Amino acid sequence: MSPLDSLYRDPDTARITLDRPADYLHAEHTLRSWFFTTDHKRIALLYLASITGFFVLGAIAAGLVRLSLVVPNGVIFTNDTYNKLFTMHGVIMVWFFLIPSIPATFGNFLIPLMIGAKDLAFPRLNLLSWYVFMTGALFTMVVLIVGGVDTGWTFYAPFSTTYSNFYVIPALIGVIIVGFSSILTGLNFIVTIHKMRCPGMTWFRMPIFVWTLYATSLIFLLGTPVITLALILLVMERAFHIGVFDPKLGGDPVLFEHLFWFYSHPAVYIMVLPGMGVVTELVAAFSQKRVFGYRFVAYASIGLASITFFVWGHHMFVNGQSQLASTVFSFLSFAVAVPSAVKVYNWTATIHKGAIRLDTPMLYAMGYIGLFVLGGLTGLFLATLAVDAHLHDTYFVVAHFHYIMVGGTMLAFLGGLHYWWPKFTGRMYPEAWGRVGALLIFIGFNVTFFPQFILGYLGMPRRYHVYPPEFQLLNVLSSAGSTILALGYFFPMIYLVWSLWFGKRAPANPWQAKGLEWTTSSPPPAHNFLAIPRVDFEPYDYPIKAPERA
Amino acid sequence: MPDAVTAEAVDIELAEQFVTKEQQRDVGTLGMWAWLVTELLLFAGLFLCALILRIQFPADVTLATTHLKFWIGATNTAVLICSSLTMSGAIVLSRLGWRRGMLGCMLATACLGTLFLVLKGYEYYQDYDENMMPFLARPYALGAHPSTRLFLDIYYVTTGLHGVHLITGVSILLVLTWQASRPRFLQMHQNRIEIYGLYWHFIDLIWIIVFPVLYVLNR
């Protein structure tokens, strides 16, 4: 065993990367070297910049929605404007932020590093996927500028095909195109994980993050073509009157919901699974412990990705689906709780008696676990047939999925961003500001969305901006919370950018974490490793007995 | 030894992300298989719709089916199966390193694919002539049976989508044939022929599902 080999097992925590070869950020400086790069790390940063832009747009739309809901009589915006605002919020956040968020940024950056590869299997396809993404984004921006769309992010037919008076077709084309970028990313990841692992990196030596992205990529490959088809059919019907969904043209509107949710329910797991992977990494690193029940967590990822394809009917309990189908879908939806709970219990057991450090990433991870439990359990309420009849299309549903998507995915995204920021940029972020930001986001999130559970339970429907005056107090509370949340988001945006120039230089492994990505310098050289790593140890190879806190 | 060319004489340059040439070859094949899985899912929804429609409205669907041009569909099935045969021939010959034969087989495949498209276009024209296009602003022959509309719409979308794949396939095949006509192509990129072959067989396979599901069942 060469000295280099032992380094992969025990990342040298003190090694400051001074006499390194030019890292990937400094290998070349031209604009061309960024926009025509095939380096997975640079493409990840291209994605990071683009989705951050979309996040800001989507967040502005959300802020305006909350502004409108401060008053019960809906005088702030016209009905059409309000409809366009929540549609833009949904379309941008789901298709242009959440779905590409963790896979296209962290996945792109980290999968090759974590499995000891020099790059993804198809680097040019990877770059293409970013251009495809930006092309889809262009359509959406055009829609935004010329006047918006008012169908909701779900594009339900026949409203979207026949009755909407706005720019449905370009919005649909934008989403269809973005789907292709997802497919290319998923395809690239699957082939990379199968074929590019370094010597000794067996399937069960891969970090859980890689497992969850493998599961996510399966959903990309199997689910995305179905939504592509559904949206193509919408375009066909709206443009050429090839009636598939509008009863007037011989179609069936429930058919659209089936096709739509066959992808869009698994899409929830496109958003959640990578977040679970990130949290697993964070929990292990900040407890300095092996992941409890590693194999079960890995299997649970694949389990979730499989079950999630058989639960789409729970979106249609009250939309004319047969009772038998509803019962079956209800049962299967409950089954999703099993692998989810496996993960939550395993994270908790990993933290138990660990040498816990409450740095910013760990704060986000702990927040994630708590909010994911709340979001998950309220999901069980909604999976119950009788309860869903009461709660369907109310703010309870809105609160539920925001707990999963914001409380889950967004917190995991931010946690991962702080955790790997030193690896991405070679700079540390300011820890104290990080903690304040994390705390603000946690508080702001709960103040925003917890009242919505109560609102929904009391019967306030989603997507309405005129509501009975007795709901005003809770709505104002929710809007007030959203300002705290927005303030919280400003923190990382400002200090992370600040740290690019003024942050402390990062060592190769600032967290004393295990994993191949911490064995290379921060930021890594252009081809990731100076020599191809060889792995002869288990993942999360922390000392069995947790060390005393330093 | 059919694998003589593929395993030994590959003097392609190793791309920078790979460690071995074998890895580089495998990656392309696995990538194409993964792509084909997504393609299958793209069509699967349409097949399922058509089949469920048959169960729900057997009489109307049968009526619509009998108006489809069974013999054109059957001929097209035979044409595509033949094209798969010629494509397999091209792959075998490329492994043997017999370039001229391979190019002939590839051109034959492209011709058969084009023949399919011509026949399909003629079939559409006949459908148009018999007022079998419910989405056009003109009389519709089966207007008295509303659920035939959905079946026919699914028929046009499915065959249209398949046609788009075939047009793409023929275009790529022609480019590939032109590339493969250069002398050192087989030593460098023989696996492109194999990978492309997967795609062509897949288009064929989709039609082999389309034909029974739309034309034959309930007839």
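When you go through (1) in contact with a Leu (Cβ under 7 Å, 6 or more places away or on another chain); (2) surrounded by 19 or more Cβ atoms within 10 Å (Cβ to Cβ); (3) hydrophobic (A, V, I, L, M, F, W, C) one by one for residue A:128, which number turns out not to apply?
Failed condition: (2).
Out of the stretch A:455-492, which residues are in contact with a strand residue (DSSP E or B) (Cβ under 6 Å, 6 or more places away or on another chain) and assigned to a helix (DSSP H, G or I)?
A:456
For residue A:216, which of the numbered conditions (1) more than 21 Å from residue B:40 (Cα to Cα); (2) away from every other protein chain (no Cβ under 12 Å); (3) not basic (Lys, Arg) fails to hold?
Only one criterion is unmet by residue A:216, namely (1).
Output yes when any residue across the stretch A:495-506 is surrounded by fewer than 20 Cβ atoms within 10 Å (Cβ to Cβ), in a helix (DSSP H, G or I), modelled with pLDDT of 90 or more and among the aliphatic types (A, V, I, L, M), and no when none is.
Yes, that holds for at least one residue.
Suppose we filter A:186, A:179, A:200 for residues that are assigned to a loop (DSSP other than H, G, I, E, B) and either within 14 Å of another protein chain (Cβ to nearest Cβ) or modelled with pLDDT under 95 (or both); which single one remains?
A:200
Does residue B:156 satisfy the condition of being at pLDDT 90 or above, part of a helix (DSSP H, G or I), surrounded by 13 or more Cβ atoms within 10 Å (Cβ to Cβ) and of a type in the set (Phe, Trp, Tyr)? Lay out the reasoning, then the answer.
Values: at pLDDT 90 or above: yes; part of a helix (DSSP H, G or I): yes; surrounded by 13 or more Cβ atoms within 10 Å (Cβ to Cβ): yes; of a type in the set (Phe, Trp, Tyr): yes.
Against the criterion (at pLDDT 90 or above, part of a helix (DSSP H, G or I), surrounded by 13 or more Cβ atoms within 10 Å (Cβ to Cβ) and of a type in the set (Phe, Trp, Tyr)), residue B:156 qualifies.
From the list A:259, A:282, pick out the single residue that is in contact with a Gly (Cβ under 7 Å, 6 or more places away or on another chain), assigned to a helix (DSSP H, G or I), modelled with pLDDT of 95 or more and surrounded by 23 or more Cβ atoms within 10 Å (Cβ to Cβ). Walk me through how you get there before you give the answer.
Numbers: A:259 fails: modelled with pLDDT of 95 or more.
Unique residue meeting the criteria: A:282.
Among the candidates A:43, A:60, single out the residue that is part of a helix (DSSP H, G or I), modelled with pLDDT of 95 or more, within 14 Å of another protein chain (Cβ to nearest Cβ) and under 20 Å from the mean Cα position of the chain (by Cα).
Only one candidate passes the filter, namely A:43.
Being in a helix (DSSP H, G or I) and touching a Phe, Trp or Tyr at 6+ places or on another chain (Cβ under 6 Å) is the filter here; which residues of the stretch A:241-254 pass it?
Scanning the stretch A:241-254 gives a single hit, A:253.
Restricting the stretch B:56-96 to residues that are within 14 Å of another protein chain (Cβ to nearest Cβ) and part of a helix (DSSP H, G or I), which is farthest from residue A:244 (Cα to Cα)? If you could, list the steps in order and put the result at the bottom.
We begin by selecting, within the stretch B:56-96, every residue within 14 Å of another protein chain (Cβ to nearest Cβ); these are B:56-57, B:60-61, B:63-64.
Okay, now just the ones that are also part of a helix (DSSP H, G or I), so B:56, B:60-61, B:63-64.
Details: B:56: 15, B:60: 16, B:61: 15, B:63: 18, B:64: 16 Å.
By that ranking, first place goes to B:63.
Just name the residue that is modelled with the lowest pLDDT out of those in the stretch A:87-131 that are away from chain B (no Cβ under 14 Å) and more than 22 Å from residue A:413 (Cβ to Cβ).
A:87
Pairs please, first residue from the stretch A:526-537 and closer than 13 Å to residue A:115 by Cα, second anywhere and surrounded by fewer than 14 Cβ atoms within 10 Å (Cβ to Cβ) and aromatic (Phe, Trp, Tyr), Cβ atoms under 8 Å, 6+ apart in sequence or on different chains.
Close Cβ pairs (under 8 Å, with a partner that is surrounded by fewer than 14 Cβ atoms within 10 Å (Cβ to Cβ) and aromatic (Phe, Trp, Tyr)) do not exist here.
Give the number of residues within the stretch A:21-55 that are aromatic (Phe, Trp, Tyr), closer than 13 Å to residue A:528 by Cα and loosely packed, with under 15 Cβ neighbours inside 10 Å.
Quick first cut of the stretch A:21-55, residues aromatic (Phe, Trp, Tyr) only: A:24, A:34-36, A:47, A:54-55.
Filter once more, so that each one left must be closer than 13 Å to residue A:528 by Cα: A:24.
Narrowing the set further to residues that are loosely packed, with under 15 Cβ neighbours inside 10 Å leaves none.
Result for the stretch A:21-55: 0.
A quick yes/no check of all residues on (1) at pLDDT 90 or above; (2) under 21 Å from residue A:360 (Cα atoms):
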site: A:510; (1), (2): yes, yes
site: A:515; (1), (2): yes, yes
site: A:522; (1), (2): no, yes
site: A:533; (1), (2): yes, no
site: A:546; (1), (2): no, yes
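If residue A:144 satisfies all but one of (1) at pLDDT 90 or above; (2) in a helix (DSSP H, G or I), what's the number of the condition it fails?
So the condition that residue A:144 fails would be (1).
Looking at residue A:210, is it assigned to a loop (DSSP other than H, G, I, E, B), crowded, with 23+ Cβ neighbours inside 10 Å and either away from chain B (no Cβ under 14 Å) or among the aromatic types (Phe, Trp, Tyr) (or both)? Walk me through how you get there before you give the answer.
Working: assigned to a loop (DSSP other than H, G, I, E, B): no; crowded, with 23+ Cβ neighbours inside 10 Å: yes; either away from chain B (no Cβ under 14 Å) or among the aromatic types (Phe, Trp, Tyr) (or both): yes.
So residue A:210 fails the test.
Can you give me the number of residues within the stretch A:219-249 that are within 10 Å of chain B (Cβ to nearest Cβ), buried (at least 23 other Cβ atoms within 10 Å of the Cβ) and over 25 Å from the mean Cα position of the chain (by Cα)?
6
Looking at the structure I just gave you, is residue A:360 in contact with a helix residue (DSSP H, G or I) (Cβ under 8 Å, 6 or more places away or on another chain), farther than 30 Å from residue A:431 by Cα and among the hydroxyl-bearing types (Ser, Thr, Tyr)?
no
If you check residue B:205 against the conditions, is it surrounded by 14 or more Cβ atoms within 10 Å (Cβ to Cβ), in a helix (DSSP H, G or I) and without any contact (Cβ under 8 Å) to a residue 12 or more places away in the chain?
yes
What are the residues in the stretch A:257-285 that are within 11 Å of chain B (Cβ to nearest Cβ) and touching a Leu at 6+ places or on another chain (Cβ under 7 Å), if any?
A:259
Mind telling me which of the residues B:174, B:186, B:214 ends up being surrounded by 14 or more Cβ atoms within 10 Å (Cβ to Cβ), at pLDDT 95 or above and away from chain A (no Cβ under 14 Å)?
Answer to the selection: B:174.
Every residue in the stretch B:16-55 that is assigned to a helix (DSSP H, G or I), more than 23 Å from residue A:230 (Cα to Cα), among the aliphatic types (A, V, I, L, M) and facing chain A (nearest Cβ under 9 Å), please.
Scanning the stretch B:16-55 gives B:27, B:30.
The values are calculated or read from the model by the stated rules, or taken from the named source; none is laboratory data. Computed from a prediction, not measured in an experiment: that's the story for all the values here. As a convention, Cβ positions derive from the backbone with ideal geometry for all residues, glycine included, and neighbour counts pool all protein chains shown.
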